[in-house]
Every structure is written in structure tokens, then in C-alpha cells.
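First the structure, in the form of C-alpha cells, and then the observations on it.
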Amino acid sequence: MAIHHAGVSGNSSPVKDKRCRKTWQVKPSLMANNTLNPIRAIVDGMKLSPHPDKAMISLSIGDPTVFGNLPTDDAVLQAMKDAINSHQYNGYAPSVGYLKSRQVVANYYSCSEAPLEAEDVILTSGCSQAIDLAISVLCNPGDNILVPRPGFSLYKTLALSFGIEVKFYNLLPEKSWEVDLQHLESQVDDRTSLLIVTNPSNPCGSVFTKEHLQKILTVASRNCLPILADEVYSNMVSPLDSFPSLASLSSDVPIMSCCGLAKRWLVPGWRMGWILIHDRNNIFGSEIRQGLVKLCQRILGPCTIVQGALEGIFNNTPQGFYDDTIHFIKSNAEICFNELSTVPGLKPILPSGAMYLMIGIDIERFPDFQSDVDFTERLVTEQSVFCLPATAFEYPNFFRIVVTVPEQMMLEACGRIREFCQRHYRPGRRDKNDLDQ
Ligand SMILES: Cc1ncc(COP(=O)(O)O)c(C=O)c1O
């Protein structure tokens with residue numbers, strides 16, 4: 001058999017029978033083409049030209065650092081400085097994270113109902129990578145996952161890029177965004193590999209009660225569905241003691257709880273997250289754990305300096321920092337809710353956690369607009385206030401407001417939204433009768 005070494009031994013002429021490209025064919029991969037961020041797709045398609053006489057107020061980005069009014073705690077910064085100065089965190093860490101840092105996270109979250117060891121923790125680049133790993137270790141192309149509607153758009157972005165189908169289950173606005181359990185169960189089929197539960201919720205700001213979480217677990221257990229519990233807003237709830245983690249209530253359903261530093265410690269740019277593996281009945285078992293390790297080896301773990309800072313961050317951040325953040329968010333959410341409750345055509349839903357508020361638009365009373373996208377676009381043009389249309393969360397005729405902005409800005413924004421609605425609202429027959437009386 002002839003062995004050809006084209007171009008190796010000075011012979012540069014191409015081997016005749018070897019099939020190779022004669023022209024450049026450099027194209028984005030299928031995966032790249034199938035990766036779509038719905039928020040970007042919607043926002044980039046909007047004509048966002050603010051009113052020239054009004055300063056822009058953006059209530060759209062879920063980044064608590066943008067206005068500078070919610071700095072992280074000094075202890076968090078000090079922990080980072082100490083990690084750098086120690087010179088101990090400049091090399092490669094194990095791809096799942098330093099054992100010591102995983103132990104620190106395990107200690108922080110471990111409780112008698114849901115005990116954790118260092119081996120149950122995988123450190124990731126933000127909660128986003130935790131979600132990416134959980135989906136990709138549990139699902140194959142052609143499988144489907146159950147995702148809340150309205151819900152955080154990343155689940156769909158990731159799933160579709162892996163060739164995984166997304167099935168939505170409804171949340172009920174009239175029940176403080178609880179899960180429609182019947183609808184949830186009706187979506188399950190034999191290719192359903194994962195149920196995603198977001199609690200507290202982005203975009204709803206809702207927090208499920210213990211009883212409701214137990215009902216979700218019953219559905220998951222009956223259908224043998226593992227759960228990805230997206231708890232990146234864990235403990236960002238009011239009252240403070242009302243947040244049970246899903247895993248603390250589960251006796252049999254295996255759960256990957258995904259979380260991170262981004263929101264509670266107000267440092268989303270540091271890109272530190274983790275998966276907590278709760279598997280008391282050994283259903284994930286060693287195979288899934290090894291699968292996670294293999295997937296982590298693609299990237300070799302998150303930033304080592306932040307890993308090194310975790311101990312100081314968890315141990316030294318004063319309780320007052322967490323309390324102040326929650327107090328600020330709660331107060332701002334109440335201001336926004338109270339202001340917008342009396343605006344004609346709007347129906348805000350009071351949140352109890354995270355940092356968002358969803359507002360329903362009685363779109364029939366606004367004939368100038370065809371959709372929430374239209375409505376929010378014109379709100380920018382006329383009032384320089386930008387809110388995210390909830391079509392971005394698969395939930396038309398709502399919009400989402402981020403409540404981490406400074407209080408004065410929140411009040412100003414609400415005033416402008418009122419002016420906008422008063423201008424465009426058209427009362428229905430019943431309203432007219434009320435006015436006539
Ligand atoms: C529900 C939810 N999960 C996950 C994330 C991603 O978090 P991270 O910035 O740590 O990747 C976000 C960010 O906004 C979120 O709202």
C-alpha cells in the first residue's frame with residue numbers, strides 16, 4: 001500500500017487521489033448557527049432612539065452594578081486582594097475547582113436536610129456555565145427539557161444549540177407565578193430528560209412556598225425527572241427566612257442546584273458559579289459525576305483567584321450587607337409596584353425576591369401598539385425609558401423592570417411610564433360608563 005506524505009519531504013505537489021477542498025469553505029458551524037439569544041434578537045430588532053430632551057433610564061439589564069448604587073461589600077473586595085497577594089492562585093486548578101474551595105462552598109450550603117461534601121460541588125464560570133454543564137451532562141440531542149414560561153432565556157439558547165427540544169410549562173400570574181402543575185405534567189413524555197425550576201424567578205421576582213416546591217417535587221418524582229434548580233437568586237427574598245432550597249425538601253428526586261456569586265454578592269463580572277449535586281438515592285451515581293468532570297475538562301475551571309477568594313467572601317461578608325441589599329430591592333420594588341398599580345392599562349405583579357418586577361399590559365386598551373415590543377420601543381422614543389418586553393421571556397403583553405436602580409431614578413421612570421400610558425390608553429365601554437356616572 002502506498003503511503004503518501006504530501007508536502008512533508010519537500011514534495012509540495014498535492015497527492016492526486018486525496019480528496020481536499022479546492023476553494024475556501026469557511027462557514028460558521030451548525031452549533032454556532034443554532035445559537036440564538038432571544039433577548040439580543042428582540043432588542044437588536046428594536047428601534048431604540050431616546051427622546052432628545054430626556055435622559056435615558058434603562059431598566060432592562062439584570063446587572064446590579066450598572067448604576068454604582070449597589071457596590072459589593074469591602075470584605076468581598078478584600079478577599080480578592082488577599083487571594084492575589086498570596087500568589088497561590090496563579091496556576092491551573094483542577095478542572096472542577098480547588099478541593100479546598102469546593103469544601104468551602106459545600107460547608108456554606110450544607111444543611112441537615114441536604115448535606116454536601118466537597119465532591120458534591122463543581123465550580124463553574126458563572127451560574128451560566130453551571131446551567132450549561134447540567135443540561136449537557138443529562139440530555140442528548142432529540143431529548144427535551146421542561147422550562148418555565150415566562151423564564152430566563154439562556155435555557156432555550158443552550159438547549160437549541162445542543163439539538164435539545166424545549167417544552168414550556170406555564171407559570172400563573174394570578175397565583176404569584178406559581179407553576180401550573182397540571183400543565184407541567186402534561187408536557188412530560190418519554191424523551192423528557194430534565195425539569196428546570198427557577199426559584200426565585202427571573203423575570204417574575206416570585207418565590208415559591210415550601211408547599212408549592214413540594215408539589216413540584218411530587219410531579220418530578222412521579223415522572224422520574226431530575227431537576228436543575230436555578231437558585232442564583234437564592235436568599236434574595238423577603239422575608240429572609242422564607243427561602244427553602246429545593247434540595248432541602250427532596251427525599252428522592254436528584255437535583256443539580258446551580259448558583260453563583262453574581263447576584264447575592266453583586267459581582268456578576270467575576271464569573272463564579274457552582275453546581276451543588278444532591279443525589280441521596282444515588283440516581284445520578286458515579287456516571288453522571290464523571291460526565292460532569294469530563295465536561296469540565298473542556299474549559300479547565302473558572303478563574304483561580306476568585307476560587308481562592310471564596311473562603312474570605314463567605315466567612316467575612318457581614319450579614320448587614322445581605323440585609324441592606326434585600327431591603328433596598330424590596331423597597332424599590334414596592335415603590336414601583338405602588339406607582340404603576342394606579343396607571344391605566346398596567347397590571348404590575350408584586351415580587352417577593354430576586355430583582356425584577358413583571359407588569360402586564362392590557363394591550364387592547366393601547367390601540368397604538370400591536371405588542372409589548374411595540375409598546376416598549378415607543379416608551380423609549382417618547383420617554384427615554386427602556387424596559388425589556390417579556391416576549392424575550394416567551395411571555396407577550398408583559399414587560400420586565402429591573403429594580404436595582406437608584407430610588408430617584410425609579411420614581412422618575414414610573415412617572416414617565418404613567419405619562420406615556422395616560423397618553424395612549426383608550427378606555428373600554430365599561431370604563432366609559434364608569435366615567436359617565
Ligand atoms: C435565573 C438566572 N440564572 C442564571 C443567570 C446567570 O448567572 P451568571 O451571571 O452567574 O452566569 C442569571 C443571570 O441573570 C439568571 O437571571
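The values are calculated or read from the model by the stated rules, or taken from the named source; none is laboratory data. Computed from a prediction, not measured in an experiment: that's the story for all the values here. With ideal geometry, Cβ positions are generated from the backbone for all residues, glycine too; neighbour counts draw on all protein chains shown.
Computed values, structure above
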{"read-out": "Of all residues making up the stretch 271-304, the number that are in contact (Cβ under 8 Å) with a residue 40 or more places away in the chain and part of a helix (DSSP H, G or I)", "value": "8"}
{"read-out": "Some residue of the stretch 343-358 being assigned to a helix (DSSP H, G or I) and of a type outside the set (A, V, I, L, M)", "value": "no"}
{"read-out": "Within the stretch 102-128, considering residues that are farther than 14 Å from ASP279 by Cβ, within 16 Å of the ligand (Cβ to nearest atom) and of a type in the set (A, V, I, L, M, F, W, C), the one surrounded by the most Cβ atoms within 10 Å (Cβ to Cβ)", "value": "LEU123"}
{"read-out": "Pairs where the first residue, in the stretch 36-57, is among the basic types (Lys, Arg) and the second is in a loop (DSSP other than H, G, I, E, B), C-beta under 7 Å, 6+ apart", "value": "LYS54/SER384"}
{"read-out": "In the stretch 196-242, the residues that are β-branched (Val, Ile, Thr), assigned to a loop (DSSP other than H, G, I, E, B) and in contact with a helix residue (DSSP H, G or I) (Cβ under 7 Å, 6 or more places away or on another chain)", "value": "VAL232"}
{"read-out": "Filter result for ARG400 (part of a strand (DSSP E or B) and charged (D, E, K, R))", "value": "yes"}
{"read-out": "Matching entry among ILE3, ILE84, ILE57, ILE39 (being at pLDDT below 90, within 30 Å of PHE321 (Cβ to Cβ) and among the aliphatic types (A, V, I, L, M))", "value": "ILE39"}
{"read-out": "Selection count, the stretch 335-348, where residues are surrounded by 18 or more Cβ atoms within 10 Å (Cβ to Cβ) and touching a Ser or Thr at 6+ places or on another chain (Cβ under 9 Å)", "value": "1"}
{"read-out": "Number of the condition not met by LYS330 [criteria: (1) of a type in the set (D, E, K, R); (2) crowded, with 16+ Cβ neighbours inside 10 Å; (3) over 21 Å from the mean Cα position of the chain (by Cα)]", "value": "(3)"}
{"read-out": "Candidate set: the stretch 146-161, residues that are surrounded by fewer than 21 Cβ atoms within 10 Å (Cβ to Cβ) and more than 14 Å from the chain's Cα centre (by Cα); chosen: the one nearest to CYS303 (Cα to Cα)", "value": "SER161"}
{"read-out": "Some residue of the stretch 134-145 being of a type in the set (Gly, Ala, Ser), surrounded by 24 or more Cβ atoms within 10 Å (Cβ to Cβ) and assigned by TED's automatic domain parsing to the domain that holds LEU292", "value": "yes"}
{"read-out": "The stretch 243-297: number of residues that are basic (Lys, Arg) and within 14 Å of the ligand (Cβ to nearest atom)", "value": "3"}
{"read-out": "Of all residues making up the stretch 209-228, the number that are within 16 Å of the chain's Cα centre (by Cα) and either closer than 15 Å to SER251 by Cα or not aliphatic (A, V, I, L, M) (or both)", "value": "1"}
{"read-out": "Condition met for ASN33 (within 16 Å of the ligand (Cβ to nearest atom) and not β-branched (Val, Ile, Thr))", "value": "no"}
